[in-house]
Amino acid sequence: GPYFLSTTGRCGAIRIMMADQGQEWKEILIDFADWMKGDLKASCVFGQLPKFEDGGLVLYQSNAILRHLGRNHDAYGKDGKEAAHIDMMCDGIEDLRLKYGKMIYQEYDTGKDPYIKDLPNHLDKFEAVMAKNKTGFLVGDKPSFADYNLFDVLLNHLVLCSSCLDTFPSLKSFVEKMSARPKIKAFLDSDAYKKLPINGNGKQ
Ligand SMILES: N[C@@H](CCC(=O)N[C@@H](CS(=O)(=O)O)C(=O)NCC(=O)O)C(=O)O
């Protein structure tokens, strides 16, 4: 099965997607001291983790890994139009992930409260898409890699602010339904998941 060298920040959606598909994987969480020695970093295409290996395939870039899993597990839409919309949603989620990461890594103490205050202006966009699609997923009528990506981002934001979905019923229901999927529930309840920090600097 797949094997990946992970960091903390951008592997949550990958793990949840593989868990939901019943895929076993091996994972090495690289610790900061080892990383700072530099030789592993020098071997990474972009000098960054996660690194994902699946048979002979070696991939970097968390969203490319999600798309690879989407293609291989029928989680990339039923046709080109759905795939395009799934790509669009994944890119929108990436924009939110970048904002969240900037706050976490660069300005947590001063930026957390303003970030939480502004958060509804970003979550309302995903609420509208989820409410309009009516299937309980972002695009089409079954989970795509964009759904696993959104689910991970929302779980992280619920740790940051437990009430952040209280005014977004479609997103709240989405999180409840995804959390209740048997293989995801088992994974989220596992010690392996619980011991993982959300972000590399320990802030959440
Ligand atoms: N666009 C890349 C970004 C990867 C990235 O930022 N990796 C960070 C770790 S994390 O933020 O994803 O947790 C890293 O390797 N940082 C170490 C370094 O840049 O030396 C992706 O999506 O995978």
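The values are calculated or read from the model by the stated rules, or taken from the named source; none is laboratory data. Small disclaimer: the values here were computed from a predicted structure and weren't measured. Every residue, glycine as well, gets a Cβ built from its backbone with ideal geometry; the counts of neighbours run over all protein chains shown. Side chains are part of the model used for accessible areas, which takes the heavy atoms of the whole protein and leaves out ligands, DNA and RNA. Shrake-Rupley method; radii C 1.70, N 1.55, O 1.52, S 1.80 Å.
Filtering the range 55-65 down to residues that are within 14 Å of the ligand (Cβ to nearest atom) and surrounded by fewer than 16 Cβ atoms within 10 Å (Cβ to Cβ), which residue is nearest to Glu94 (Cα to Cα)? Reasoning before the result, please.
Filtering the range 55-65 for residues within 14 Å of the ligand (Cβ to nearest atom) gives 58-65.
From the residues that got through so far, the ones that are surrounded by fewer than 16 Cβ atoms within 10 Å (Cβ to Cβ) too are 58, 64.
On the way: Val58: 22, Ala64: 12 Å.
The extreme case among them is Ala64.
When we screen Lys81, Lys112, Lys26, Lys117 for residues that are among the basic types (Lys, Arg) and either within 12 Å of the ligand (Cβ to nearest atom) or surrounded by 12 or more Cβ atoms within 10 Å (Cβ to Cβ) (or both), the only hit is Lys112.
Checked against (1) without any contact (Cβ under 8 Å) to a residue 12 or more places away in the chain; (2) within 12 Å of the ligand (Cβ to nearest atom), Asp39 passes all but a single condition, namely (2). Any residue in the range 43-54 that is aliphatic (A, V, I, L, M) and either open to solvent by 80 Å² or more (accessible area, probe 1.4 Å) or not in a loop (DSSP other than H, G, I, E, B) (or both)? Checked against the condition, which is being aliphatic (A, V, I, L, M) and either open to solvent by 80 Å² or more (accessible area, probe 1.4 Å) or not in a loop (DSSP other than H, G, I, E, B) (or both), the range 43-54 yields at least one hit. Every test in (1) among the polar types (S, T, N, Q); (2) free of Cβ contacts under 8 Å to residues at least 24 places away in the same chain; (3) open to solvent by less than 30 Å² (accessible area, probe 1.4 Å) is passed by Asn133 save one, and that test is (3).
Does Asp147 fit the bill of being within 16 Å of the ligand (Cβ to nearest atom), surrounded by 19 or more Cβ atoms within 10 Å (Cβ to Cβ) and either within 15 Å of the chain's Cα centre (by Cα) or over 25 Å from Pro114 (Cβ atoms) (or both)? Answer is no for this residue. So, in the range 30-39, of the ones that are more than 22 Å from Ile198 (Cβ to Cβ) and part of a helix (DSSP H, G or I), which residue ends up most open to solvent (accessible area, probe 1.4 Å)? Among them, the one singled out is Lys37.
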